[in-house]
1. Condition first: at negative phi and either modelled with pLDDT under 85 or of a type in the set (Phe, Trp, Tyr) (or both). Can you find one or more residues in the range 74-81 that meet it?
2. I'd like to check which helices (runs of 4 or more DSSP H) are fully inside the range 48-140 and have at least 3 residues that are touching a Ser or Thr at 6+ places or on another chain (Cβ under 6 Å) and over 20 Å from Ser246 (Cα atoms).
3. Within the range 81-104, identify whether any single residue is closer than 20 Å to Ala169 by Cβ, small (Gly, Ala, Ser) and in contact with a Phe, Trp or Tyr (Cβ under 7 Å, 6 or more places away or on another chain), and answer yes or no.
4. Criterion first (modelled with pLDDT under 80, surrounded by fewer than 19 Cβ atoms within 10 Å (Cβ to Cβ) and closer than 13 Å to Thr98 by Cα) does Phe255 satisfy it?
5. Could you run through the range 18-33 and say how many residues are closer than 19 Å to Glu204 by Cβ, out of contact with any Leu (no Cβ under 8 Å at 6 or more places or on another chain) and small (Gly, Ala, Ser)?
6. In the range 202-229, which residues are free of Cβ contacts under 8 Å to residues at least 12 places away in the same chain and hydrophobic (A, V, I, L, M, F, W, C)?
7. Does Leu229 satisfy the condition of being out of contact with any Gly (no Cβ under 9 Å at 6 or more places or on another chain) and more than 19 Å from Phe86 (Cβ to Cβ)?
8. Would you confirm whether any residue within the range 65-84 is free of Cβ contacts under 8 Å to residues at least 24 places away in the same chain and of a type outside the set (D, E, K, R)?
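The values are calculated or read from the model by the stated rules, or taken from the named source; none is laboratory data. Since the structure is predicted, the reported quantities are computational estimates derived from the model, not experimental observations. Ideal geometry is used to build each Cβ from the backbone, glycine not excepted, and the neighbour counts take in all protein chains shown.
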Amino acid sequence: MDKTTQRGSLEMVAAMLISGTIGWLVLLSGQAVLDVVFWRCVFGAVTLLLICARMGFLRRGLLNRTTFALVVLSGVAIVANWVLLFASYSRASIAIGTAVYNVQPFILLGLAALFLGERITLHKLAWLVVSFVGMLTIVSAHHGQGESGSEYLLGIALALSAALMYAVAVLIIKRLRGIPPHLIALIQVSTGALLLAPLANVTELPAGAQAWGALLTLGVVHTGLMYVLLYGAIQKLPTALIGALSFIYPIAAIFVDWFAFGHRLEPLQWVGVAAILIAAAGIQLGWRVGGRRVVSGG
């Protein structure tokens, strides 16, 4: 492994491990979901503004009206994604919410076929079936989860909706070639801060060092720093390796949920989680169902 790939791999691993602790900090803050996302956007915007200024991304000419509007629209989708995903944590647990959220490659696959005319191969369709079976397995194991079965199912629905919003954002970002990703992230979180300002409870500020520490960490580390690490890794690594290392995120989230909150998955839920993650890996890495050969592009 050359030095560039090694450095990119370390950046990707760090970014995914950071992502895996997001749910813990959301619950640790003790704040309402809208407030958590608002403060994440505020602190993230300040951090990314400093990063973009240092990297020279605030100059004119990088965006026109159309691309700016698309970035803002992607920001609306990203913020909706955060709100929905964070809301799922208290209902279906961090582990289940994160696992269900990882069906987003399949939602993206469907949207790309619908709006971009991309072809869905039989192998991709087979992995979609595997993922769907995993989803049904998780849903069927709802007894004993959350306050009630309906709350658990609502948590799964919220995680699925979050995955949809993320897929929409990715579909939009695909049209923004040549724009520095850090600048895209800055506009996205700035859009979120403006959208949520009227909805967040800014008259009663969070009380205590724990709440502020969690919110500040979400903004500075899990938004500003993570974007730098993630985009740095994407520039250095081949797509297959990016796809493989991205599965550190849900695995880390499952173990964080276990150690921090004692949420242990039932055997049937582990089967469902494994099915979703294996299917998502199969899609991203181009595995053939029932065969050993790996093919590029699936």
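1. No.
2. 65-92
3. yes
4. no
5. Qualifying residue count for the region: 2.
6. Leu205, Ala207, Ala209, Trp212
7. Criteria met by Leu229.
8. Yes, the range 65-84 has at least one match.
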